[in-house]
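Notes for the one structure printed next.
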DNA sequence: GAGTGGTCTAGACCACCTA
DNA sequence: AGGTGGTCTAGACCACTCC
C-alpha cells in the first residue's frame, strides 16, 4: 500500500479515468466498469470510486445513469445562436434561426408557451427598459424551446405595457407571420441595434429542473435588449440555455 | 428519524442551507457552522454534511477553505468584455478595454506573456485563418491577464506566419503604442469586422490550475476572429475566462 | 493544541434497470 | 433476481489554520 503519491486516491483515480477517456480507451457513449469492479481494480472501497466518478461528472466528462452505469458523455453538436438572429434576411423564410439551425442538424425544433401575462419586471429588466421599477408593469411571455424534445432554452420576454397593449401580444399565439418582432415593428419599433449581455454560471435548482440538466453542465445566460431607431429600448429577453448544447456567434462590424 | 421526505438528507440539507443563504441568514462572506456542528444539528454523520457542502460548492454558492471553514461566496463584480473592445475610440487613451474596466473597479490590471513563437495551429484555428492545417505555421502568443493578481483570462493569439514575420510581433514586448492590432494595422490589416464564437463549459484540469479556479466555476471561451476590409481573417484569439468574474456585452447594429 | 475541512474504510440498505 | 448506482453510518487519520 506504500502510497508515495500524496494526492487523494479519488482524485488520482478520476485523473486516470479521464486520461483513459481522452486517449480513447473508453469511447464516447461507452460504459465504464461498474463501481464495484473499479473498487476492486484500484484496491479501494466503493465509496472512493463514487467520489472519483462524481469528480468526472462535475467536469462534464461522464453521465451516470441510475441502475445502468457510468457513460462517457457524447459530444453534442452545438446549436449556434447568432448575432444575425434578428436580421431581416430571415424574415423571408418565415422560420426562426433556431428552427433553421435545428433543421440543419436533422433535429425537430419546437417551443411551448409557459405563460403570458402582466407582471412587474425586476430591477435589471426595468432598468434596461427605462421603467420605474415596482411602479410600472410589463408584458411577460415565458417560453421553452426544444430540439428533439430535449429542452435547450428557457426564454423570458419583457415588453413595456404601453407598447404591448392592444397588440394581440397578450394572446398565447402571436398573431403575426414574423412573430413578436413583426408585431412590434408594426407598432413603429424597428430594431436598429441589439445589446446582448452574456454570462455563464452553474444553474440554480429551478433551471436544472426546467432544462433537465445533468450535473456538471453550466448554463449560458443572455440578456438581450432590442433598441429602436430612436435609441430607446422596447423589449428585453432573457435566454437561459444549457452550455453543452448551445453556443453564440457574433459577426459584427467594428465601429 | 421518521423521514417522510424521500429526497436524500444531503440534498435536503444543501437546499435548506441554500435557502438560508438566499434569505440572508448567512450573508456573503459569512462562515457557515462547522461540519461537525452541522452534523449534530441535523442529526446526521459528518460525511453527509460534507456531501451537502460539496453540492453547494458545485453550485457555486459557497467556497470551502482548508482548516478555516465554508464561506458564502461573495458576488464578484463582473469584468465586461465588450464588442467595442477593438473600437478605434479606445486608441486615444492608449489603454486596453481590460485595463480601463479594471481601473473603473479600482483594481490593478496587468498581463504576463507566457510564450511567443512559431507553432502549428489546430484545425479550428487553421480553418478560421484559411490556412492548410499541418502544413502552414503561425505565430502564437500566449498571455495571462490578472486583476489584482487574480488570473482572469488565459489568452492565445494566432497570426499567420506571413502576416507576422518581420513585424516585431515575435518579440515578447510588442513594439507599438496600440499593441498587436496597431502593428497589424500598419501591415495593412484594418479590422473591419469581428467574429466572436462563444461557449461555456467546466474547465479542464489545466485551465483550473492556470486560472486558480475554485470548484463550481465554469469558464467562458471566446474564439475571436479579426477580419479586414478585404473580408479575410488575419488573426484568431482564444480567450478562456472564469465565468464568475467575467461577462460579455455586444451592442451591435442589426444588419 | 484545538478546531477545521478532506479523505478513507467497512458495511449496510435503498431504488432503478434489465432480463 | 441480480446487477447497478445513491446514500448513509461510525469511526479513523491526515493536513491546514489560527491562537
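Taken together, the values in this text are just the output of simple stated rules run on the coordinates, not laboratory data. Quick caveat, the model's predicted, so the values are computed rather than measured. Cβ placement follows ideal geometry from the backbone for every residue including glycine, while neighbour counts extend to all protein chains displayed.
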Problem set entry | Fully extended contour minus Cα-Cα distance, from residue B:192 to residue B:149, at 0.36 nm per residue | 12.1 nm
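What's the average, rounded to a whole number, of partner chain beta-carbon atoms within 10 Å of each residue's beta-carbon in A:54-62?
Values: counts 3, 2, 0, 2, 6, 7, 5, 2, 0.
Averaged over the peptide's residues, the number is 3.
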Exercise. In percent, what relative contact order does the range B:9-72 have, based on Cα pairs under 8 Å that are 6 or more apart in sequence?
Worked result: 41
Problem set entry | residue B:87-residue A:75 FRET efficiency (beta carbon distance; Förster radius 45 Å; 0.05 resolution) | 0.80
Problem set entry | Cα-projected label distance for residue A:185 with residue A:232, points at 7 Å along beta-carbon direction, nm | 2.1
Exercise. Other chains' Cβ within 10 Å of B:213-223 residues: what's the mean?
Worked result: 4
Exercise. Once both labels are modelled 7 Å past Cα along the beta-carbon direction, what's the residue A:22-residue B:161 spacing in nm?
Worked result: 2.7
For this session: Can you list the distances in nanometres, one decimal and ascending, from the residue A:205 label point to the identical position in each other copy, with the point 7 Å along Cα to Cβ?
Result: 3.3
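Using a ≥ b ≥ c from the Cα gyration tensor of the protein assembly as shown (square roots of the eigenvalues), is it rounded, prolate or oblate, where a/c under 1.5 gives rounded and otherwise the larger of a/b and b/c decides, a/b for prolate?
The shape class here is oblate.
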Exercise. Taking every residue in A:76-82, how many Cβ atoms of other protein chains lie within 10 Å of its Cβ, on average?
Worked result: 1
Problem set entry | Sequence of B:158, A:161 once ranked by neighbouring C-beta atoms within 10 Å, starting from the fewest | A:161, B:158
Exercise. With each run of n ≥ 4 DSSP H residues scored as -39500 (n - 2.57), what mean residue ellipticity at 222 nm is computed for the protein assembly as shown after dividing by its residue count and rounding to the nearest 500 deg cm²/dmol?
Worked result: -7500 deg cm²/dmol
Exercise. Using 7 Å Cα-to-Cβ label points, what is the residue B:34/residue B:251 separation (nm, one decimal)?
Worked result: 5.1
Exercise. To one decimal in nm, how far is residue B:173 from the same spot in the other copies, if labels go 7 Å from Cα toward Cβ? Please give the shortest first.
Worked result: 7.1
For this session: Using Cα pairs closer than 8 Å and at least 6 residues apart in sequence, work out the relative contact order for chain B, in percent.
Result: 17
